[in-house]
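First up is the structure itself, then whatever we jot down about it.
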Amino acid sequence: MGWILVASAAVILFLQNYPLYIRSVPTENELKFHYMVHTSLDVVDEKISAMGKALVDQRELYLGLLYPTEDYKSPRAKSVFPNQLCRYGYVTNSKVKFVMVVDSSNTALRDNEIRSMFRKLHNSYTDVMCNPFYNPGDRIQSRAFDGMVTSMMI
């Protein structure tokens, strides 16, 4: 399935903000994206507490745009224009947080496309949780899950 948007990083965080899964493209930027995601967790917590009971009562757990960041390329790069990296959030009923970093410099973002990416990520996460050999709280090492996340990034 081809996506119009390309995610630069996908992270799933457990209850105490412990990362269960981190994937970034290219892989050498993983630490940078890990930092970006952790800096956006305060915004996720604010949105969750602001929604309060309304979030629990509704089925839609998409938090939307957390905030954009301009990421400037190095002076040696061919283009000095900034990349617009947008962070989006999603939280499950069991309070597992999903954060996705999307490079929006080349595409017109559509909220429904981001939402459908999160739904697909949530469905795959549910499949991992239903695996009898997976212990909740362990890092996700499923090849099928990794393949699904990789397909969103390419």
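Laboratory data are not the source of any read-out in this text; all were calculated from the coordinates shown. All values reported here derive from a predicted model rather than from experimental measurement. A quick note on method: Cβ atoms are made from the backbone with ideal geometry, for glycine too, and the neighbour counts reach across all protein chains shown.
In this model, which of Lys47/Lys97; Lys32/Lys120; Lys47/Lys95 are farther than 19 Å apart at the alpha-carbon?
Details: Lys47/Lys97 12 Å; Lys32/Lys120 24 Å; Lys47/Lys95 13 Å.
Violating the 19 Å limit, Cα to Cα: Lys32/Lys120.
The length gained by stretching the chain between Asp111 and Glu30 to full extension, at 0.36 nm per residue less their Cα-Cα distance, is 26.7 nm.
Annotation for segment 94-154: trypsin sites (Lys or Arg not before Pro) lying in DSSP loop with at most 16 further Cβ atoms inside 10 Å of their Cβ are Lys95, Arg110, Arg139.
Neighbours of Val44, meaning other residues whose beta-carbon lies under 13 angstrom from its beta-carbon, give a summed charge of +1 when Lys and Arg score +1 and Asp and Glu score -1.
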